[in-house]
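Structure, as structure tokens:
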Amino acid sequence: MERNPMLRNVREGERGHAVPAIGTLVAAAGAVVLMIGAAGDTDWLTIVGGIVLAVGIIGAGLLHHTTVDYEMYGRLEKLEGGGKG
């Protein structure tokens, strides 16, 4: 058990949950570019917007999994006694 509250907060804190918003913002930008390309009948802009939208959606899921789920499941596993340490 760590006596230093700062170290405990670093290990067990809930910070970092805003990181997946980066992927969501990229997806939103891709959606806007996709709409502009589709409205202006610009094929290349529509394709780029669709690709950026897809990358943003996949990135948001990956970021959420690596920053939130991975740490949360690790702490749950530790509480249940199945984890190391």
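Taken together, the values in this text are just the output of simple stated rules run on the coordinates, not laboratory data. It should be emphasised that the depicted structure is a prediction, and the values quoted were computed from it without experimental measurement. Glycine also receives a Cβ, built like all others from the backbone with ideal geometry; neighbour counts cover every protein chain displayed.
A few notes on this one:
- Evaluated at q = 0.21 Å⁻¹, the base-10 log of the normalised Debye intensity for the range 19-80, with identical point scatterers placed on the Cα atoms, takes the values -0.72.
- When the charge dipole of the range 19-80 is built from unit charges on Cβ atoms (+1 for Lys and Arg, -1 for Asp and Glu) and taken about the Cα centre, the candidate among Leu62, Leu45, Met72 whose Cα reaches farthest toward its positive end is Met72.
- The string of couplings for the range 59-72 from the Karplus curve (6.51, -1.76, 1.60, θ = phi - 60°) is x, 5, x, 5, 5, 5, 5, 6, 9, 10, 5, 4, 5, 5 Hz, one whole number per residue in order, with x for Gly and Pro.
- Charge dipole magnitude, Cβ of K and R +1, D and E -1 - the range 19-80, Cα centre, debye nearest 20: 120 debye
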